Amino acid sequence: MRTRSVVLVIALACAALVAGTVIAVDQFTAEADNTEQECTAALQADQAKVRTTRDWTSKDIPGIGDYVEIHWQGEKLGSPCSRVPGPTDWQAEGVLRLRDTDTGAFAAWAVATVPPTVRDTLRPFVPEGVRWRHSADFPQAVQGGRVDLFVDPERAVAWFSFETG
């Protein structure tokens, strides 16, 4: 009888331990899901912003010179909010207003047969009647990524995309 009581106590203790572990895991999973959802919401809000910071240079986008103005957006590809570690690729797209002194070289580029697809949020920064030119040198690899560039030298405006991965 005594052995049976000891076994019963051990069994109940094990059951309580397992139940406690299951509850803790469930709570951890729920908290992680909430954190991932909060991260995803914050990421989406951040990606919706049109930025004007001068983060891009001629090292990133060859030929743009000392541009006058920029409007761009960045986007994470994949899920940087996931609990699974790993690299996250990203893409940026933007519209530049160039200095007239930096547009001469682009006049020799061919008229683009297929214009870039400009995001709705960036279209207000593209002048009406734009005639994009594109070079066979693009897209090209720079700074650990891939850049594409379209330019209208007459309107001193450029569109670029930059992606890693």
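The values are calculated or read from the model by the stated rules, or taken from the named source; none is laboratory data. Remember, predicted model here, so these are calculated numbers, not experimental data. Note: ideal-geometry Cβ built from the backbone for every residue, glycine included; neighbour counts use all protein chains shown.
Residues that are in contact with a helix residue (DSSP H, G or I) (Cβ under 8 Å, 6 or more places away or on another chain), among the acidic types (Asp, Glu), modelled with pLDDT under 95 and in a loop (DSSP other than H, G, I, E, B): does the range 59-77 have at least one? Yes, the range 59-77 contains a residue that is in contact with a helix residue (DSSP H, G or I) (Cβ under 8 Å, 6 or more places away or on another chain), among the acidic types (Asp, Glu), modelled with pLDDT under 95 and in a loop (DSSP other than H, G, I, E, B). Pairs, please: C-beta under 8 Å, at least 6 apart or cross-chain, first residue touching a residue at least 40 places away in the same chain (Cβ under 8 Å) and in the range 125-137, second surrounded by 13 or more Cβ atoms within 10 Å (Cβ to Cβ) and aromatic (Phe, Trp, Tyr)? Cβ pairs passing all conditions: none. Any residue at all in the range 155-163 that's part of a loop (DSSP other than H, G, I, E, B) and in contact (Cβ under 8 Å) with a residue 40 or more places away in the chain? The answer is yes; a qualifying residue exists.
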